[in-house]
Amino acid sequence: MGSGRWITALNSDLYRSFIMECPSGSLYLHEFKRMFGVQNGTPESQYMDSIFRAFDMNHDNTMDFIEYVAALNLVLRGKLEDKLRWSFKVFDSDDNGCLDRHELWKIIIYKIKKGCVSDETGTGNLTAEQVCDRIFQEVDVNSDGQITLEEFVQGAQRSPWLQNFLRLDVNPCGWVQRYLCDRKLVSTKDS
């Protein structure tokens with residue numbers, strides 16, 4: 001099957017799956033969490049709130065099919081810079097265009113709960129405070145205690161350690177692929 005026909009078939013299957021998950025045509029936060037098996041009150045729940053907010057482009061507290069497809073496109077085919085910009089938007093919980101230590105701390109704690117964070121040698125485990133300090137050292141170019149979008153993108157692009165730390169955020173293909181495979185929208189050989 002040609003790539004154009006494959007994309008049309010995939011979009012048709014995605015639309016069917018989307019409508020089955022949310023017959024109203026609008027995906028609400030609780031449905032989004034249910035799609036990925038995330039329970040309220042878990043560390044993943046707050047993180048999923050931020051992800052949902054970042055994908056809700058028109059800020060109507062729902063995700064329509066266009067936003068859903070745009071999200072999948074970013075996750076599956078987006079460039080590193082676009083994924084970093086999206087990650088920044090997820091982390092910037094107060095939407096002020098800068099990351100402070102408190103916003104970074106929430107993400108770091110979540111990631112540490114999901115597994116340990118190591119130094120670049122992979123031998124030593126870092127504490128949340130060490131991770132936060134390390135990110136600010138590598139990214140906060142003007143040392144003002146806040147990280148702008150530009151500092152974040154440029155710093156992450158030049159730091160393999162930070163890219164590894166952000167692995168889920170800049171390359172969340174694994175969990176999206178599992179979701180699509182579970183719904184038989186793609187086969188494991190397509191992933």
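State which residue pairs qualify: first residue under 13 Å from residue 108 (Cβ atoms) and inside the range 131-148, second residue of a type in the set (A, V, I, L, M, F, W, C) and assigned to a loop (DSSP other than H, G, I, E, B) in any location, beta carbons under 6 Å apart, and separation of 6 or more residues or different chains.
131/117
Being open to solvent by less than 60 Å² (accessible area, probe 1.4 Å), modelled with pLDDT under 80 and either more than 24 Å from residue 143 (Cα to Cα) or among the hydrophobic types (A, V, I, L, M, F, W, C) (or both) narrows it down to one of 107, 51, so name that one.
Working: 51 fails: modelled with pLDDT under 80.
Going through 107, 51 in turn, the sole match is 107.
Output yes when any residue across the range 87-102 is modelled with pLDDT under 75, under 29 Å from residue 57 (Cβ atoms) and outside any helix (DSSP H, G or I), and no when none is.
First, the residues of the range 87-102 that are modelled with pLDDT under 75: none.
Within the range 87-102, not a single residue is modelled with pLDDT under 75, under 29 Å from residue 57 (Cβ atoms) and outside any helix (DSSP H, G or I).
Within the range 29-56, work out how many residues are β-branched (Val, Ile, Thr) and in contact with a Ser or Thr (Cβ under 9 Å, 6 or more places away or on another chain). Steps first, answer last, please.
Quick first cut of the range 29-56, residues β-branched (Val, Ile, Thr) only: 38, 42, 51.
Of the ones still in play, those that are also in contact with a Ser or Thr (Cβ under 9 Å, 6 or more places away or on another chain) are 38.
Selection size over the range 29-56: 1.
If you scan the range 23-48, which residues turn out to be assigned to a loop (DSSP other than H, G, I, E, B) and either open to solvent by 70 Å² or more (accessible area, probe 1.4 Å) or among the charged types (D, E, K, R) (or both)?
If we filter the range 23-48 for residues that are assigned to a loop (DSSP other than H, G, I, E, B), which is where we start, we get 23-26, 28, 36-42.
Within the range 23-48, 23, 24, 28, 39, 40, 41 qualify.
Just wondering, is there one or more residues in the range 68-77 that are modelled with pLDDT of 85 or more and either surrounded by fewer than 12 Cβ atoms within 10 Å (Cβ to Cβ) or among the polar types (S, T, N, Q) (or both)?
Checked against the condition, which is being modelled with pLDDT of 85 or more and either surrounded by fewer than 12 Cβ atoms within 10 Å (Cβ to Cβ) or among the polar types (S, T, N, Q) (or both), the range 68-77 yields no hits at all.
Looking at 64, 56, which is the one that is open to solvent by 50 Å² or more (accessible area, probe 1.4 Å) and at pLDDT 85 or above?
Details: 56 fails: open to solvent by 50 Å² or more (accessible area, probe 1.4 Å).
Of 64, 56, the one residue that is open to solvent by 50 Å² or more (accessible area, probe 1.4 Å) and at pLDDT 85 or above is 64.
List every residue pair whose Cβ atoms sit under 7 Å apart, with the two residues 6 or more apart in sequence or on different chains, where the first one lies in the range 49-77 and is in a helix (DSSP H, G or I) and the second, anywhere, is open to solvent by 20 Å² or more (accessible area, probe 1.4 Å) and of a type in the set (A, V, I, L, M).
Here the result reads 49/29; 52/29; 67/57, each pair linking the range 49-77 to a residue that is open to solvent by 20 Å² or more (accessible area, probe 1.4 Å) and of a type in the set (A, V, I, L, M).
Residues being more than 15 Å from residue 46 (Cβ to Cβ) and either open to solvent by 20 Å² or more (accessible area, probe 1.4 Å) or among the aliphatic types (A, V, I, L, M) (or both): count how many of those fall in the range 87-100.
7
The values are calculated or read from the model by the stated rules, or taken from the named source; none is laboratory data. None of the values given here were measured: they were computed from a predicted structure. When we count neighbours, we look across all protein chains shown, and the Cβ atoms used for this are built from the backbone with ideal geometry, even at glycine. Surface accessibility is based on the protein's heavy atoms, side chains included, excluding ligands, DNA and RNA. Shrake-Rupley method; radii C 1.70, N 1.55, O 1.52, S 1.80 Å.
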